[in-house]
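Below is one structure, written out as structure tokens; comments come after it.
The values are calculated or read from the model by the stated rules, or taken from the named source; none is laboratory data. Values in this document were obtained by computation on a predicted structure and should not be read as measured data. Here Cβ is always computed from backbone atoms with ideal geometry, including for glycine, and neighbour counts include all displayed protein chains. Note: accessible area is taken over every heavy atom of the protein model, side chains too, but ligands, DNA and RNA are not part of it. Shrake-Rupley method; radii C 1.70, N 1.55, O 1.52, S 1.80 Å.
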Amino acid sequence: MFGTNSYGYGGYGYDANPLGQLVNFGSAFGVLMFIALVAAIVLTVMGYKRFVSDKNELHLSYKDKKSWGPFLRFDILLIDKILKALYMFNALLVLFGCAAGALSSISFGFGAFLGALVGMIILCIVLELLLRVGYEFVMLNVMIARNTSDIRRKLFSDAPTAPAAPASPAPVAPAPAPAAPVAQAPVAPEPEPAVEPDAFESAPTTVLDRGDQAPAEPAPVAPTEVVHKASFCPNCGAPVEPGDRFCGECGHKLD
């Protein structure tokens, strides 16, 4: 403020009047706290989206009517998300508030600023620790309540409503009866091909003409008993001469 008591000269300096110093401190602190509030809100939103928000969680949407039912029935609890956002906001507000108090103390002089700076640092650390402990205690109770609710709901959902009737075994299909043996007709033996008498007649025969050839000298043989043979062929009835071994007509072997 302007005054004649600032270093004995007229001009800008700190006001030696305690009321004026208090007014200066209050105005500076109010402006800085407003800035700290806005900065805490902005940083809370940015930090929640980056570090806390889960993209797969159910979000409440005005256009999506399906999200209103679980929200109004408290099927989906949002208290943990709200507590996380409040913790971030309060932690930032305490930090910026301590900084605003230290900066506002400049109106009391440079020495007061140094003292306020040290005091605000200590106060900020203590408040941050207390804030963290308090929110962790609340979050722990919320997590216990949520886990208990989930376990109870799962137990009730898994419990059978009524004893299921024992399933009757499926009827076993009877084994097929063995097929009756098929009677096979006796296979008639194949008839042997009949030998036609013309086959022997058509067979080539060689008739030896002993009239034109000189009789060969008989080889000396041992004397044998002369056997009188028939003069006719028993097969075809053609006349044969004594001493012939085959019939000249049909080729039948003579005994």
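Results, tabulated for the structure shown:
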| quantity | calculated |
| --- | --- |
| Extension gain from residue 153 to residue 136, taking 0.36 nm per residue of separation minus the Cα-Cα distance | 3.6 nm |
| 18 Å reach of a label modelled at residue 39, 7 Å along Cα-to-Cβ, counting backbone N of the stretch 81-113 | 88-107 |
| Under 5 Å, built H, 5+ apart or other chain: amide partners of residue 254 | 246, 247 |
| Point-to-point label distance, residue 114-residue 244, nm (Cα→Cβ direction, 7 Å offset) | 17.0 nm |
| Two-site FRET efficiency, residue 23 against residue 51, from Cβ-Cβ distance with R₀ of 41 Å, rounded to 0.05 | 0.50 |
| Extended-chain gain in nm, criterion 0.36 nm per residue less alpha-carbon gap, residue 31 and residue 232 | 55.9 nm |
| Table column - 3J(HN,Hα) (Hz), the stretch 242-249, Karplus curve with 6.51, -1.76, 1.60, x for Gly and Pro | x, x, 6, 9, 10, 6, x, 9 |
| Residues residue 106 and residue 74, FRET efficiency given R0 of 45 Å [Cβ-Cβ distance, rounded to 0.05] | 0.35 |
| Percent accessible area from carbon and sulfur atoms, the stretch 71-122, protein chains only, probe 1.4 Å | 83 percent |
| Set of lysines with alpha-carbon distance to residue 49 below 28 Å, sequence-local pairs under 8 removed | 63, 65, 66, 81, 84 |
